[in-house]
Each structure stands twice: as C-alpha cells, then as structure tokens.
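A short worksheet on the structure shown next.
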Amino acid sequence: MREFWKEPLTEAQKQQLIDTLAQQIVKRGLASPAILFLELHKPFAFLGAQAGIVFSPFLAPILGFERLDVYTQLMSERENWDRLIERIEELVEDQRTQPKQE
C-alpha cells in the first residue's frame, strides 16, 4: 500500500501547485464560486484534506495517486488556501486589465 505525505512539499512545489490550480479555475470561469467555496470551508482545511485521503480508493483511479497525494498535502494547510485565493484574485485582475482580443 502506498503512503500519503511521505515527503513534505517544498515552497517551490507549493507555489507551482497553487499557480496551476488557480490558472485552471480562472480558465474555466469559476473564480467567484471557487473563492466563495474556499472562504466558507477554510476552517475545515485539514479535515477536508483528511477526507481526500479517506476517499482515496475512489479518487485515486480518477485523479491519480501522485496528484491526490500532493493536493491533499497542499490543502491541509490553511495558509495555502489563502495563497490560492490571492492567486485567483490576481489572475482575475490581470484578465480585467488586459485588453480583450477579438
């Protein structure tokens, strides 16, 4: 059986994961619902990450074990939720200030 959270994530890995996740959220037009969800569920950050591990037999075939491992580890820390919210807001602001291309 595989182990979760065997090696801690580095700051560079955390930043790269947060950036990738934020870009995907903004790309799909889900910035507002994602920010609302993250703000509402921030107190349950660690509990949600643990739930991801509990449901890993169902999630791993869909997401892959490695991805599930790093994202549950990332989202177990409340400060990463704040960093993700900030990055989403930065990307949305960048979209607003850029001229639209037609």
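Which order do the peptides 70-77, 18-25 come out in when sorted by mean C-beta neighbours inside 10 angstrom, highest first?
Going from most to least packed, we get 70-77, 18-25.
Under a Cβ-only charge scheme (Lys and Arg +1, Asp and Glu -1), can you give me the dipole magnitude of region 21-93 about the Cα centre, in debye to the nearest 20?
It works out to roughly 260 debye.
Among the aspartates and glutamates, select those whose C-alpha is under 17 Å from the C-alpha of Lys42, and discard any that sit fewer than 8 residues away in the same chain.
Excluding near neighbours in sequence, the set is Glu77, Glu79, Asp82, Glu86, Glu89.
For the charge dipole of the chain, defined by +1 on Lys and Arg C-beta atoms and -1 on Asp and Glu C-beta atoms about the Cα centroid, which residue among Asn80, Ile62, Gln16 has the Cα displaced farthest towards the positive pole?
Toward the positive end, the furthest listed residue is Ile62.
Taking the Cα-to-Cβ direction at Ala60 and at Glu89 and moving 7 Å from each Cα, how far apart do the two end points lie in nm?
In this crude spin-label approximation the distance works out to 3.7 nm.
Laboratory data are not the source of any read-out in this text; all were calculated from the coordinates shown. The structure presented is a predicted model; accordingly, all values stated were derived computationally and were not measured. Cβ sites come from the backbone with ideal geometry, for glycine too, and all protein chains shown count toward neighbours.
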